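Worksheet: one structure, shown below.
The values are calculated or read from the model by the stated rules, or taken from the named source; none is laboratory data. From a predicted model like this one, the values you see are computed outputs, not experimental measurements. Neighbour counts are summed over all protein chains in view; Cβ atoms, including those assigned to glycine, are modelled from backbone coordinates with ideal geometry. Please note that ligands, DNA and RNA were not included when accessible areas were found on the heavy atoms of the full protein model with its side chains. Shrake-Rupley method; radii C 1.70, N 1.55, O 1.52, S 1.80 Å.
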Amino acid sequence: MSKEWPLYEIFIRGQHGLSHRHVGSLHAPDAETAIKNARDVYTRRNEGVSIWVVEAAAITATAPGDKGPIFEPSESKIYRHPTFYDIPDEIGHM
Amino acid sequence: MYAQMVKSTGTGVKSLDEMEPEERAFQEKVDADIRIEARDWMPEGYRKTLIRQIGQHAHSEIVGQLPEGNWITRAPTLERKMILLAKVQDEAGHGLYLYSAAETLGVTRDEMTEMLLSGKMKYSSIFNYPTLTWADIGAVGWLVDGAAIMNQVPLQRTSYGPYSRAMIRICKEESFHQRQGYDIMMKMAKGSEAQKRMAQDALNRFWYPSLMMFGPSDANSVHSEQSMAWKIKINSNDELRRKFVDQTVPQAEYLGLTVPDDTLAWNEEKGGYDFAEPDWDEFFDVLKGAGPANHDRLEARKTAWDDGAWVRDGLTAHAEKKRTAKVAAE
Amino acid sequence: MADALFESLLRLGDNALILGHRVSEWCGHAPVLEEDIALANTALDLLGQTNLWLEYAGEVEGKGRSADDLAFLRDAWDFRNVLLVELPNGDFGQTILRQYLYDQFNLMNLEALKGSTDTRVSEIAEKAAKEAAYHVERSRGTVVGLGDGTEESHRRMQDALNILYPYALELFITDEVDAEMAKAGIIPDPKSLEDTYLAAVGATISEATLELPQAHFGHRGSGRDGRMHTEHLGHILTQMQWLQRAYPGQSW
C-alpha cells in the first residue's frame, strides 16, 4: 500500500460574522489541495464563505482524563456571571 | 440496512454491577445520552464493533454509487442527469463522512478500503442487484433510500459522537434522495404503457431486496442486544422492516403499482400490514458473493483503486517536493 | 445573423455537454474520494452551462426546440463541439489534462463574453465564468502536481500531452460564423484569445516540468463546423440519447 494522504480537519465560516466551525475532515496531499477539496466536499450546498484547514496531526487537545482539573474549577466561580449580583429593580436594566 | 449483520464483539450484555469502574462510567454516560468522543475511554468491543459498522456503512455508500452511476450517461433529460449526478456525488460524500468518523477510532481509510477489496469487510447486499432500466433508478431512490433513511434517522442519536454527527449531516443531505426517486416513479407510473410496465417491473425486482436491507430477524440475537445497550443500534431489524412496509405500501398504491406479495394485507388488530418475508437463502447467497452484480461491483472498485495509485502517489510526491523546497528556501 | 448566433451557441453548448458527459463517466471510479466528488462538481457545472446555452440556442432558432431536444435528438453531424471534448477519458491524467486545456480556454472565452453586446450571452457568461475560474484552478493544480510528481506520473502526463495538445489547437480554427459574431460584438473571435491561451498553457506545462510537443491540428474541417468528428461522438450519443430515441415523445 502506498502512503496515504494526511488527514485535514476542516473549519468553515457559514455566514459573514460567524466564527469558523469544525465540519469534518478529509484527505489531501497538501494544505492548498485540502482547501479545494473542502470546497468541493463541504460546501456543495452553499454552506460557506471561508474555509480553514489544519492537518489533524497538528492539533493539540485536552486529554479526556484532565476534564476534572481543567473544566470543573470554573464551575465554582459563580461571581463571573451577571445573575450573581442583585441590582434593585428601580435601577432598571444594567 | 447499509450495515447488515454486524457482529458485536461483546460477550452478552453485562449489568452495571458486573462492570469495572471505567466501563461502568462509560455505560452510565451512554445510558444518560451523553456522547462518547474519540479520546474517551471505551470498551474494546465497542470500538471494534463501531469500526465494522461504520466501515460497512461507508463501503455501502461507495459501492452504492455504482448501480446508480450506471445510468448517469443515459439519463433521459439534462435535468434528470444533473439530479442523478448530484445524488450519486452525495453518496461519495457520505462515504467520506463515514470513513472520517471511523478514522477517529484508530483505523485509516486506506486500511478499510483494503479490507473491502479483499472481502474482509462487507457492504449492503442491495448493491449487488443490477439497475436494468431507467425505472430502476426511480425504484432505488424510492425504496433503497427509503429503507436507508428508516435506519439512519434514529442513528443520529447514536452514542458515538463522530458517528452521530456524520449521520446528522447525511440525513440532512439525503432528504432529497428519496423524493427524486419517487418523482421518477410518478412520471413513469403516469406515463405511457411501456413506462408503466417499466415501473412495475422495477418494483417487482426491488421490493424483496429492499426488505432484505434490514437484515434477518434479530429478535434473539446477542449481538443486537449488546449493540442496543451501547446505542449503536437503535431499533430491531423487524421493527424497521415493518415500519418500512407500512410506509411504502400506500405510496405504491398511489402510483397504481402492485407490491409483488400476494399475502400482503392490512391487519387492523396490529395496525400494520401482514407481509411475506424475503427469501433469506437468496440473501445469504448474495452476501457470500453470488448476487448478480457482486463480481462487477468489487472489480469496479478494485480497478478504481489500483488505477488511481499512480495519481495518489504522484500528488504525494509533488507535495513533498514543495515542502522540501520551502524548507530549503527558509 | 440569427443563423450564425444559433451556430455559435451550439458550439458553446455542445462543448459543455459533451465534456460534462465525459467527466460524469468518472463518477464512482476516481482515484480517491475527494477527486470523485470534485469531478462530479465540474460535470454538474458543465451540464448547467449546457442547459443555459442550448436553451438560448433553441430560442434563437425559433423552431420551438428545447435544450433537451437539442441535446437528445440531434445526430453526430449536427453537433458543434471540438474533438478534444469527445475523446475518451483515457487514464486520469488524460482526463485532467483535457480538462485543463478546455478550462483554460473556457475561462478566457467566458471572461470575454461577459462584455458581449447580447445581454443574454453576457448574463450566462457572468455566471459560468465564476465556475470556470475554479475549474482552472483545480485542473491546473492537478496537472502541475502530476507532471512534477513521480517518474510514472510525469511519464503519463507527457503521454497525455502528446495526444491531446494538437486537439487543443482546434479551439482556434475559425470560420465566417466567428467573423460575423465578432463583428457584431457578440462573441469574440477565438483567434483573439489564442496568444494569451498559448502563453497560459505554456506556463502551466513548464511548471509541470512537461514539454509541449511540436503540433498542429491537421484536419481540414472541424467539430466546430460539423465537418469533422471522431468516431467516439456517435458512441456517446447512442448512450446519451438512448431513452429518448427508444421511447420517443415521452415525459421523464
Here is a list: A:VAL23, A:VAL41. Which entry is within 14 Å of chain B (Cβ to nearest Cβ), in contact with a Phe, Trp or Tyr (Cβ under 6 Å, 6 or more places away or on another chain) and not aromatic (Phe, Trp, Tyr)? A:VAL23
Mind listing just one residue for me: the one in segment B:194-226 that is outside any helix (DSSP H, G or I) and at negative phi and, of those, surrounded by the most Cβ atoms within 10 Å (Cβ to Cβ)? B:MET213
The helices (runs of 4 or more DSSP H) lying entirely within segment C:1-98 that contain at least 1 residues which are polar (S, T, N, Q) are C:2-24, C:33-61
Filter result for the condition that a residue is away from chain C (no Cβ under 13 Å) and without any contact (Cβ under 8 Å) to a residue 40 or more places away in the chain, over B:ASN267, B:ASN237, B:ASN294: B:ASN267
Give me the residue from segment C:129-164 that is of a type in the set (Lys, Arg) and crowded, with 19+ Cβ neighbours inside 10 Å and, out of that set, farthest from the other protein chains (Cβ to nearest Cβ). C:ARG140
Would you point out which residue out of A:GLY14, A:GLY68 is modelled with pLDDT under 85 and open to solvent by less than 50 Å² (accessible area, probe 1.4 Å)? A:GLY68
Residues satisfying the stated conditions in segment C:220-235, i.e. in contact with a Leu (Cβ under 8 Å, 6 or more places away or on another chain) and either in a loop (DSSP other than H, G, I, E, B) or surrounded by fewer than 15 Cβ atoms within 10 Å (Cβ to Cβ) (or both): C:SER222, C:GLY223, C:MET228, C:HIS229, C:THR230
Does B:MET188 satisfy being open to solvent by less than 10 Å² (accessible area, probe 1.4 Å) and under 30 Å from B:MET42 (Cβ atoms)? no
Residue under question is C:ALA215, and the condition is that it be open to solvent by 20 Å² or more (accessible area, probe 1.4 Å) and part of a helix (DSSP H, G or I); does it hold? no
Considering each of B:ALA229, B:ALA166 in turn, give the residue that is touching a strand residue (DSSP E or B) at 6+ places or on another chain (Cβ under 8 Å), touching a residue at least 24 places away in the same chain (Cβ under 8 Å) and open to solvent by less than 40 Å² (accessible area, probe 1.4 Å). B:ALA166
Hits in segment A:20-58 - residues which are modelled with pLDDT of 95 or more and part of a loop (DSSP other than H, G, I, E, B): A:HIS20, A:ALA28, A:PRO29, A:ASP30
Across segment C:205-238, the tally of residues that are more than 15 Å from C:ASN81 (Cβ to Cβ), within 14 Å of another protein chain (Cβ to nearest Cβ) and touching a residue at least 12 places away in the same chain (Cβ under 8 Å) stands at 4
From the list C:ASP78, C:ASP91, pick out the single residue that is over 17 Å from the mean Cα position of the chain (by Cα) and not aliphatic (A, V, I, L, M). C:ASP91
